[in-house]
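Here's the structure, in structure tokens; my notes come after.
The values are calculated or read from the model by the stated rules, or taken from the named source; none is laboratory data. Please read all numbers here as calculations on a predicted model, not as lab measurements. Note that each Cβ is placed from the backbone with ideal geometry, even for glycine, and that neighbours are counted across all protein chains shown. Please note that ligands, DNA and RNA were not included when accessible areas were found on the heavy atoms of the full protein model with its side chains. Shrake-Rupley method; radii C 1.70, N 1.55, O 1.52, S 1.80 Å.
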Amino acid sequence: MSFMTKKLLSVILFCFVTVAPSFAQKFTKREQARREARENYYFCGNMFTFTAGYNHSWLTPSAVTLKSDVYGKSEKICNTKDAFNIGFLWDYAFKKYNRWSIQTGLYYTVKGGEHLYYYDNGLGAGPQLKEENTVKLKNQGIELQCLLRRSFLIAYDQRVTLNVGPYITRLIDTPSEIKGWDLGALVGVGYDYKHLSASVTYQPGVFAHIADQCNTRQANISLNVGFRFWKK
């Protein structure tokens, strides 16, 4: 190998060792900036979502046994009710883009269930000796939710979220035995893909909802889909 060839190879090797890492670092930073820009485009600080969904609600406890001065035994069974909700959400990340965010939502929602009362008149245990009375409940209200959300990025335009927080509902046109306010907790999971979102939320019912001896509470499962938009 000639002297000139060795010198040329030495120069090439020197350039590769000194310049290549710097170029790779700049390339990596550019790619990271592009990735963060894509993430910030879909999951930026302020997001708004129009959402609607299906409510599957019931009254809890599902079955109780009470003592009565008139009857020997009184049993209550609560059936479910299928209804709907519609609302508008605001989602705000703590930083420009962060895995933690807060979401507030305002909904018009319909929940309820059925009370089935069976009274044993003390003459026997046969079903023909029981009087059945069914009370159907349909609760309409304006519900405010406040959720703490933890995001898990699947791709730059997809994420899964875990949601937990309280809710308060102002009930509208309810029977006299129903309290005017309902307060409770909720947990759920969500999925966001570009402009689309979906969520499943469970409201276990924490505080008494009906003025009776059973400490009856409203429970609900919601399945929602929505359309997301944000400021570019």
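Residues are listed down the side, and each one gets a yes or a no for (1) open to solvent by 40 Å² or more (accessible area, probe 1.4 Å); (2) out of contact with any strand residue (DSSP E or B) (no Cβ under 8 Å at 6 or more places or on another chain); (3) over 19 Å from T80 (Cα atoms); (4) in contact (Cβ under 8 Å) with a residue 60 or more places away in the chain:
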position: E143; (1), (2), (3), (4): no, no, yes, no
position: L148; (1), (2), (3), (4): yes, no, yes, no
position: L186; (1), (2), (3), (4): no, no, no, no
position: V189; (1), (2), (3), (4): yes, no, yes, no
position: L196; (1), (2), (3), (4): yes, no, yes, no
position: A219; (1), (2), (3), (4): no, no, no, yes
Practice task
Of the numbered conditions (1) over 18 Å from F207 (Cβ atoms); (2) basic (K, R); (3) modelled with pLDDT of 80 or more, R170 fails exactly one; give the number of that condition.
Solution key: (1)
Practice task
Can you tell me which residue within region 173-186, out of those that are in contact with a Gly (Cβ under 9 Å, 6 or more places away or on another chain) and under 19 Å from Q103 (Cβ atoms), is modelled with the lowest pLDDT?
Solution key: G184
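In this structure, does N139 turn out to be on the phi < 0 side of the Ramachandran plot, at pLDDT 95 or above, of a type outside the set (A, V, I, L, M, F, W, C) and surrounded by 12 or more Cβ atoms within 10 Å (Cβ to Cβ)? Reasoning before the result, please.
On the way: on the phi < 0 side of the Ramachandran plot: yes; at pLDDT 95 or above: no; of a type outside the set (A, V, I, L, M, F, W, C): yes; surrounded by 12 or more Cβ atoms within 10 Å (Cβ to Cβ): yes.
So N139 fails the test.
Among the residues of region 151-165, how many are open to solvent by less than 70 Å² (accessible area, probe 1.4 Å) and either out of contact with any Asp or Glu (no Cβ under 9 Å at 6 or more places or on another chain) or of a type in the set (K, R) (or both)?
First, the residues of region 151-165 that are open to solvent by less than 70 Å² (accessible area, probe 1.4 Å): 151, 153, 155, 157-161, 163, 165.
Then drop every residue that is not either out of contact with any Asp or Glu (no Cβ under 9 Å at 6 or more places or on another chain) or of a type in the set (K, R) (or both), which leaves 155, 159, 163, 165.
Residues in region 151-165 being open to solvent by less than 70 Å² (accessible area, probe 1.4 Å) and either out of contact with any Asp or Glu (no Cβ under 9 Å at 6 or more places or on another chain) or of a type in the set (K, R) (or both): 4 in total.
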Practice task
For region 153-195, enumerate the residues that are within 22 Å of F227 (Cβ to Cβ) and charged (D, E, K, R).
Solution key: D157, R159, D192, K194
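Restricting attention to region 169-184, which residues are among the polar types (S, T, N, Q) and open to solvent by less than 40 Å² (accessible area, probe 1.4 Å)?
Let us first name the residues in region 169-184 that are among the polar types (S, T, N, Q), namely 169, 174, 176.
Matches in region 169-184: T169 only.
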Problem - Selection within region 68-91 - at pLDDT 85 or above and out of contact with any Lys or Arg (no Cβ under 9 Å at 6 or more places or on another chain) - result: D82, F84, I86, G87, F88, W90
